[in-house]
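The values are calculated or read from the model by the stated rules, or taken from the named source; none is laboratory data. Treat the numbers as computed from the prediction; the structure is a model and nothing was measured. We place every Cβ from the backbone using ideal geometry, glycine too, and count neighbours over all the protein chains shown.
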Amino acid sequence: MMTLVRTFRAVTVMLSFTLMLTACGGDDGGSPPPPPSAQVTVSGTVQAPAGQVALFSKPSLWDRAIALLSPEAMAALTGLSSVPDGTAVQLIRIDDAGNVTATLTSTSVSAGKYSFNLTSLGLNPSSNLLVRVINSGANAQMRAFVTGPTVDLDPISETAVRLALERIALTPGTTLNGFTVTELRDITGAVNQLAVVKRLGAGLNIESTVSAIKREVASETGLTGFIVAAAAPGESTEGPGDIGNYFPLTQGNTWQFQGTHSETGQYSNTVKVAGTKSVGSVTTTILTENNPLNSRAAEEVYYLKDSRGIWNYGNSDSSDTLSPSIIPFRELLFPLNVGVTSEVVNKKGVNFGQDLDADGKNETADVLSQVTVEAFENVTVPKGTFTSAAKVVHKTTITAFPSTGSKSVKVIGTQTLWFVVNLGAVKRTLEVQADGQAAESVTEELVNATIVN
């Protein structure tokens, strides 16, 4: 399970120590100049069955070998190949029926990728802005909603476009504007995650591949319900749920880890789902750890899992003076969108909970925590080797400001976790840096687990 509280604890301890050493320091030398305005771009890979945008294409033996041996072997949909360099990619707008209303510009695939500079075109991501490759002679195309800086074109993105357009056709009064850019991104991400979980492969052509993906989507009630909710105006409060059960919170689930701490050496830690606890009006699930970070002090952490992700409602650690100022917060959002960074905590001037410069006032801190789903990949731990593990990186930056006006101190904690379908976390690492210097590192790997069906 998620243990972002570990990062908060480790960072808070390091901050406390560093602040006490620097409480008599000078000012921080002023603020740096603001960065230049960033360019808004969209780019991505372009892949199709046998690398052909065609109604029918039979992959050769060579195509199949390349698909297995290439870096894309861990892609959500196996058996795809890059389309030929020089293939035209269009930037288009469509109407609610999917008809192209404007072709804004085009570019060509190079080294399997395309790119558009939206800033130079005076554009931003929107619900009716798409990228497309088309083979008019074969009456075949692949489209993708432009929802962020990285948008891949493949049968998964085409499936997501069709799912949105089909929902509009089925619901009178529904329009593309009813879908937010974030919702369209999440529909694509959820379809991608489902393809990973089901280990789907490419068919003979785009149409057969899309049809196979849509059949799997139809059986995933959380995802279909999310598409219905997303079609309504505004941002939906629903999500697609935990597709693949990467975060199993059934009562009695137990995980046994072996760990190594940079300062205290080797240790073991057992994590267990152990009951529920009311936090205000919310019933949370209790996750116990008998030796977190080799602290030799058991702890409870309180979680809520819903269709949108994982909520953290605090913990039982009385020495954690920071978490009470920022809970509740989402540790992770569903779906697991590869390459997307989400800001889960961004609070300024929170009560640090400690008076470290002995002036009778608690220090304050700025807390920024971001989570990125980096990839689905293989991972090996003592328990075994697992495919399609979700690699999730939490980066937490806490900047503390002494109440005496002394120099601020910044500590960064980076926690990387690997989650497996129907099993949960199998590996966790934590790296802590204080003012740019390595201060602490921890690694835990799964040795055994008991998962209750």
**Residue ID - farthest from L123 (Cα to Cα), chosen from residues in the stretch 138-155 that are part of a loop (DSSP other than H, G, I, E, B) and not aliphatic (A, V, I, L, M)** = N139
**Request:** Show the residue pairs that are 6+ apart or on different chains and have beta-carbon atoms under 7 Å apart, the first residue being within the stretch 388-409 and within 30 Å of L194 (Cβ to Cβ), the second being at pLDDT below 85 and crowded, with 17+ Cβ neighbours inside 10 Å.
**Result:** H394/L4; H394/T7; T396/T7; T396/F8; T396/V11
**Item:** Within the stretch 280-289, tally of residues that are surrounded by 15 or more Cβ atoms within 10 Å (Cβ to Cβ) and free of Cβ contacts under 8 Å to residues at least 60 places away in the same chain
**Value:** 4
**Asked** Filtering the stretch 438-453 down to residues that are assigned to a strand (DSSP E or B) and not aliphatic (A, V, I, L, M), which residue is farthest from L417 (Cα to Cα)?
**Response** T450
**Asked** Residues in the stretch 300-309 that are in contact (Cβ under 8 Å) with a residue 60 or more places away in the chain and either within 16 Å of K272 (Cα to Cα) or of a type in the set (G, A, S) (or both): how many?
**Response** 5
**Prompt:** Quick one: in the stretch 397-437, which of the residues that are assigned to a strand (DSSP E or B) and among the basic types (K, R) is surrounded by the fewest Cβ atoms within 10 Å (Cβ to Cβ)?
**Reply:** K410
**Asked** Name the pairs whose Cβ atoms lie under 7 Å apart, with the first residue in the stretch 156-167 and of a type in the set (S, T, Y), the second modelled with pLDDT of 95 or more, and 6 or more positions between them or separate chains?
**Response** S157/M142; S157/R143; S157/A144; S157/T188; T159/V191; T159/V210; T159/I213; T159/K214
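Quick grid of which residues meet (1) modelled with pLDDT under 90; (2) more than 28 Å from the chain's Cα centre (by Cα); (3) in a loop (DSSP other than H, G, I, E, B):
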residue	(1), (2), (3)
L55	yes, yes, yes
R93	no, no, no
T119	no, no, no
S126	no, no, yes
**Item:** A274, sole failed condition from (1) without any contact (Cβ under 8 Å) to a residue 60 or more places away in the chain; (2) buried (at least 20 other Cβ atoms within 10 Å of the Cβ); (3) aliphatic (A, V, I, L, M)
**Value:** (2)
**Item:** Checklist (1) surrounded by 20 or more Cβ atoms within 10 Å (Cβ to Cβ); (2) in contact with an Asp or Glu (Cβ under 7 Å, 6 or more places away or on another chain) applied to T180, failing item
**Value:** (1)
**Message:** Tell me yes or no: at least one residue of the stretch 353-365 is over 24 Å from the mean Cα position of the chain (by Cα), charged (D, E, K, R) and crowded, with 22+ Cβ neighbours inside 10 Å.
**Reply:** yes
**Asked** Taking the stretch 302-316, which residues are buried (at least 19 other Cβ atoms within 10 Å of the Cβ) and either of a type in the set (S, T, Y) or in contact with a Lys or Arg (Cβ under 9 Å, 6 or more places away or on another chain) (or both)?
**Response** Y302, Y303, R308, G309, I310, W311, N312, Y313, N315
**Request:** Filter the stretch 168-216 down to residues that are touching a helix residue (DSSP H, G or I) at 6+ places or on another chain (Cβ under 7 Å) and without any contact (Cβ under 8 Å) to a residue 40 or more places away in the chain, then give me how many there are.
**Result:** 3
**Prompt:** Would a scan of the stretch 310-329 turn up a residue that is in contact (Cβ under 8 Å) with a residue 60 or more places away in the chain, of a type in the set (F, W, Y) and not assigned by TED's automatic domain parsing to the domain that holds L223?
**Reply:** no
**Asked** Looking at G252, G239, which is the one that is touching a helix residue (DSSP H, G or I) at 6+ places or on another chain (Cβ under 8 Å) and touching a residue at least 24 places away in the same chain (Cβ under 8 Å)?
**Response** G239
